[in-house]
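I have placed the structure first, in the form of structure tokens, so that the comments after it can refer back to it.
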Amino acid sequence: MLLKYSRKRIICLVGQLGNGGTEKQLHMFLKNLPKEKYEPLVIVSSKAYIGSRREREISEGLGITLKYLHGSRPVKLIHYLYILLRFRPETVLSWSFYANAYCSMTPFCDFIGVIRGSLDVAREQLSPAHFAASLRPKRMIANSDFLKKQLLDAGKVEKSVFVIPNMFEKKFSVMDKDVFTAYRNDLRKRLGISDDEIIVAGGGRNTPEKDFDLFIEVIGELSKREECKKIKGLLVGECVHVLSPKIRDKRLEGAFYFCEERENAHDILPAADIFFLSSKSEGMPNMLIEAIDALCLPIATKVGGVENLLEGKHGEIILERDARAIAGKIADFANNPELRKEIIGTALEGIDHSLRGENIIQCFTTMFENKP
């Protein structure tokens, strides 16, 4: 029997607290959650990033308690049950498909599962037993229509899957125009980018799903064209360490700029004019949203939640993974700054309407209040 508390207790269960999109969404959720009504506790199932910036932002910045699970898997399960019995939550909200498997160890309260990346990728990475356990929650959140369809195809019923998109807080697009221009100019100067160059950005973690080989191939294709010599690539984030030697091996270093910023790649994106998402698989791509806020024209392969973000006139969706054709599209946009400006404007309107924090939080709290 649940004890009654003045605020509803919620556990947020996450695999790790690194610098990824999931952790960023968790932080924004906790920041916007009405604390007068809800009391959150964060459980982290891995100590891989203990002491990270994201941990400090949650524990020190927001004053929310974190608990790390220690030891082998059986010991972690015992520790998890101990925390449940002590904290007595009404709801456990999972923040990663991997962590959904804890559903079977959560017998006395509401457990809400999640999917934030391709189900096909999860099926490849997890054992059959773990994969099946991660599909077990009675209610699940998907952050795009694409991922909801994957869950339905895997046997989940329509009424048990809820689409709640990622939330986003604008930063650069709400700056005074002169302030933004000064920031952009200073950033480009620090990176060594000349005023007349058109920059195509990409970045993030170096995983097979991101398909940075396609990104490199596209920039390589542009570098062959005399009329596109001023179009250069900019890679940002953790991928730089691995990809820069590969680019040198291809003798394309003159076509690229690099910034190995890991803490907040968002701050580097205003240096670019265009953002190209080359992924084979995505959930709701946070970096694409950040690029729109940084006033970059968004171009993306047709994966995951891209259609939710760019459908209509909010950006360019690439249907074929053909480097030469993609390079042609980028060249066309590079030569048409007025069209870029128009599309960026409609893209900003789209994310402002659909990803506003207070609207997304309302979706979560509605689920908390309407248990099956």
Practice problem: Go through the range 139-144 residue by residue and turn each phi into a ³J(HN,Hα) via Karplus (6.51, -1.76, 1.60, θ = phi - 60°); whole Hz please, and just put x for glycine and proline. | Solution: 10, 9, 9, 10, 8, 7
Exercise. Quickly estimate the mean residue ellipticity at 222 nm for the chain, helices only: each DSSP H run with n ≥ 4 gives -39500 (n - 2.57), and the total goes over all residues, rounded to 500.
Key: -12000 deg cm²/dmol
Quiz item: How many angstrom lie between the C-alpha centres of the range 266-288 and the range 294-364?
Solution: 10
Practice problem: Enter the angle in degrees (range 0 to 90, nearest 10) between the Cα long axis of helix 323-334 and the first principal axis of the Cα atoms of the chain, meaning the one along which they spread out most. | Solution: 80
Quiz item: Based on Cα positions only, what radius of gyration and what Dmax would you give for the range 87-150, in angstroms?
Solution: 11.6, 35
Quiz prompt | Full-extension gain in nm, Glu209 to Lys229, via 0.36 nm per residue minus C-alpha separation | solution = 4.3 nm
Exercise. Find, among the trypsin sites (Lys or Arg not before Pro) in the range 18-127, those assigned to loop by DSSP (not H, G, I, E, B) with at most 15 other beta-carbon atoms within 10 angstrom.
Key: Lys35, Lys37, Lys47
Quiz item: Among rounded, prolate and oblate, which fits the chain when a ≥ b ≥ c are the square roots of the eigenvalues of its C-alpha gyration tensor, a/c under 1.5 means rounded, and a/b larger than b/c means prolate?
Solution: prolate
Quiz item: Which whole-number percent is the relative contact order of the range 205-262 (Cα, under 8 Å, 6+ apart)?
Solution: 38
Practice problem: Select from the range 20-81 those GluC sites (Glu not before Pro) which occupy a DSSP coil region and have at most 11 other Cβ atoms within 10 Å, ordered by residue number. | Solution: Glu36
Quiz item: Is the range 177-354 rounded, prolate or oblate when judged by the Cα gyration tensor, a ≥ b ≥ c being the square roots of its eigenvalues, rounded requiring a/c under 1.5 and prolate requiring a/b larger than b/c?
Solution: rounded
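Each reported figure results from applying straightforward, stated rules to the coordinates on display, with no laboratory input. Predicted model, so just to flag it, every value in this text is computed and none were measured. So basically every Cβ, Gly included, is an ideal-geometry build from the backbone, and we count neighbours across all protein chains shown.
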